Each structure stands twice: as structure tokens, then as C-alpha cells.
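What follows is a single structure, and I will ask about it in a moment.
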């Protein structure tokens with residue numbers, strides 16, 4: 001899971017640092033779909049009951065990648081990433097309590113409070129605290145929460161890799177078509193670089209490692225370890241001097257991860 005977290009932070013770093021985040025995201029998605037295809041073909045097992053969930057998940061993933069690329073074009077990685085990843089489990093928890101009748105454990109309450117505190121540290125206080133970037137990051141979090149809830153049910157009706165490949169294809173093709181229409185095919189050709197291919201392969205690798213971890217460990221610790229990518233991304237940005245990362249933002253990322261762990265392990 002630490003390797004999966006590293007790959008997730010890695011591809012987000014590559015997308016966030018791109019000149020055209022939308023074109024790079026589109027090409028990376030196509031590369032990820034191509035990487036998934038042989039494995040999905042060999043393990044294909046998707047029931048008809050999974051189709052509505054695949055369509056719903058693809059719609060949410062499409063919105064997720066579009067919003068994420070837009071957010072990275074307007075705000076720093078170390079601002080967007082911790083808020084998006086941190087707010088998502090809080091939203092899943094809220095929906096589970098409000099609509100599914102789940103009960104809140106003390107650890108979950110503590111985790112929510114920690115995430116809120118961490119997000120405030122990352123965002124900062126005052127009028128100059130990037131309100132538009134915050135709105136986009138929270139919208140990304142809402143998409144993550146949405147496809148998490150959808151996939152939790154959909155994956156019961158399909159083999160995991162086949163399900164993910166179907167979602168990925170339904171996401172990658174319309175996204176690439178929209179980018180080509182808006183920016184021209186030349187934007188996609190310009191984005192088709194080894195760096196972008198590496199981002200796509202990292203997307204693929206992160207998903208595969210998560211699936212492998214879930215086969216040998218419980219979901220709660222897997223989920224908690226997965227979100228260490230928040231700290232990895234912030235630390236990498238600070239160490240490489242790609243961004244000027246205030247100490248409070250690094251501290252906020254660490255607090256967000258602690259809150260996510262508290263929710264996952266409650």
C-alpha cells in the first residue's frame with residue numbers, strides 16, 4: 001500500500017506540473033486504459049448487474065478527472081491534493097450515516113475533526129486563502145466519495161480488473177474526445193510524452209497494488225495506508241522545490257492523514 005500511495009502521489013505530481021493539465025490527463029487515461037486491457041481481457045467477468053454501476057462510476061470519474069485537472073491548473077498540488085483526498089472519506093461517512101443508517105464510532109468523530117483541522121491548516125485563513133481552489137478541491141472530493149460508494153456495490157457483480165477497465169475506457173474516450181474538440185488534436189499529440197505515459201502507468205500500477213493489498217489485508221488498514229500519499233506528495237513538492245510549501249501546509253497534510261486513518265481504523 002505504501003508503493004500504491006507513492007504511485008498515486010507520483011501521477012498526481014506529474015499531472016499537476018503539466019503545462020496543459022487537461023491534455024496530459026486525457027493522454028494518461030488512454031495510456032492507463034491500454035495498460036489495463038490485456039489483464040482485463042484475461043480476467044474478464046462482468047455481470048449485467050454491474051453495468052449500471054459501471055456507467056455511474058464512469059460519469060463520476062469523468063467529472064473527477066475534469067475537476068482535478070482544472071484544480072491543478074488554478075492551485076498548487078499541496079493545496080488541492082490534501083483537501084480532495086481528506087474531504088472524500090468525510091463525505092462517504094456523512095452519506096453512510098444520513099442515508100444508510102450507519103452509526104458513528106468515537107474514532108470516526110475524532111477523524112472528522114482532525115481532517116477539518118488539517119484542511120484549515122492546508123487552506124489557511126483569511127480572504128486570500130484561494131476560495132476557488134478550495135471549491136474545486138471539495139468538488140473533487142465529492143466525486144471521489146461518489147464513485148467510492150458506487151464501486152463498493154458495483155464490484156460485487158464483476159471481477160475487479162474487468163470492472164475497472166470498463167470504467168476506465170468509458171472515462172478515457174469521452175475525456176480525450178472533449179479535449180481534442182476544445183483544444184484540437186495537436187494538444188493531445190503534444191501531451192503524448194514519456195512523462196505522460198509514466199503518469200498513466202502509475203495510475204494502473206496504483207490500482208493493481210490496491211487490489212493486491214485488499215486480497216491479503218483488511219480494507220480499513222489498506223484505506224488508511226493508501227492516504228499516506230497526501231504526505232508523500234506534499235513532501236516531494238517541498239524537497240524538489242517545485243512549490244513553495246509553507247510549514248503549516250505540510251503539518252495540515254499530516255493531520256489530514258491522521259484523521260483518515262482514525263476513520264478507517266475506527
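Go through (1) at pLDDT 95 or above; (2) farther than 27 Å from residue 41 by Cα for residue 169 and report which single condition fails.
Result: residue 169 passes all but (2).
Mind checking whether some residue in segment 16-32 is buried (at least 22 other Cβ atoms within 10 Å of the Cβ) and either at pLDDT below 90 or farther than 30 Å from residue 190 by Cβ (or both)?
Within segment 16-32 (the criterion being buried (at least 22 other Cβ atoms within 10 Å of the Cβ) and either at pLDDT below 90 or farther than 30 Å from residue 190 by Cβ (or both)), the answer is no, since none of the residues qualifies.
For segment 58-107, how many residues meet the condition of being closer than 20 Å to residue 119 by Cβ, out of contact with any helix residue (DSSP H, G or I) (no Cβ under 7 Å at 6 or more places or on another chain) and outside any helix (DSSP H, G or I)?
Of the residues in segment 58-107, 1 are closer than 20 Å to residue 119 by Cβ, out of contact with any helix residue (DSSP H, G or I) (no Cβ under 7 Å at 6 or more places or on another chain) and outside any helix (DSSP H, G or I).
Every residue in segment 129-167 that is surrounded by fewer than 21 Cβ atoms within 10 Å (Cβ to Cβ) and not in a helix (DSSP H, G or I), please.
Correct list: 129, 130, 159.
Among 225, 209, which is the only one that is modelled with pLDDT under 95, touching a helix residue (DSSP H, G or I) at 6+ places or on another chain (Cβ under 8 Å), within 25 Å of residue 107 (Cβ to Cβ) and buried (at least 17 other Cβ atoms within 10 Å of the Cβ)?
The unique qualifying residue is 225.
Looking at segment 54-61, can you tell me whether even one residue there is at pLDDT 95 or above and over 19 Å from the mean Cα position of the chain (by Cα)?
For segment 54-61, residues at pLDDT 95 or above and over 19 Å from the mean Cα position of the chain (by Cα): absent.
Okay, next question. Within segment 180-198, is there a residue that is farther than 20 Å from residue 17 by Cα and buried (at least 16 other Cβ atoms within 10 Å of the Cβ)?
Within segment 180-198, one or more residues are farther than 20 Å from residue 17 by Cα and buried (at least 16 other Cβ atoms within 10 Å of the Cβ).
May I ask you to say which residue of 49, 41 is surrounded by fewer than 19 Cβ atoms within 10 Å (Cβ to Cβ) and free of Cβ contacts under 8 Å to residues at least 40 places away in the same chain?
Criteria check complete, one pass: 41.
Can you tell me which residue is farthest from residue 238 (Cα to Cα) among those in segment 11-57 that are in contact with a strand residue (DSSP E or B) (Cβ under 8 Å, 6 or more places away or on another chain) and assigned to a loop (DSSP other than H, G, I, E, B)?
Among them, the one singled out is 47.
Let me ask you something else. Answer yes if at least one residue in segment 94-113 is without any contact (Cβ under 8 Å) to a residue 60 or more places away in the chain, under 23 Å from residue 52 (Cα atoms), surrounded by fewer than 21 Cβ atoms within 10 Å (Cβ to Cβ) and under 18 Å from the mean Cα position of the chain (by Cα), and no otherwise.
Checked against the condition, which is being without any contact (Cβ under 8 Å) to a residue 60 or more places away in the chain, under 23 Å from residue 52 (Cα atoms), surrounded by fewer than 21 Cβ atoms within 10 Å (Cβ to Cβ) and under 18 Å from the mean Cα position of the chain (by Cα), segment 94-113 yields no hits at all.
The values are calculated or read from the model by the stated rules, or taken from the named source; none is laboratory data. What you are looking at is a predicted structure, and each value in this text was computed from that prediction instead of being measured. Quick reminder, even Gly has a Cβ in these numbers, built from the backbone with ideal geometry, and neighbours come from all protein chains shown.
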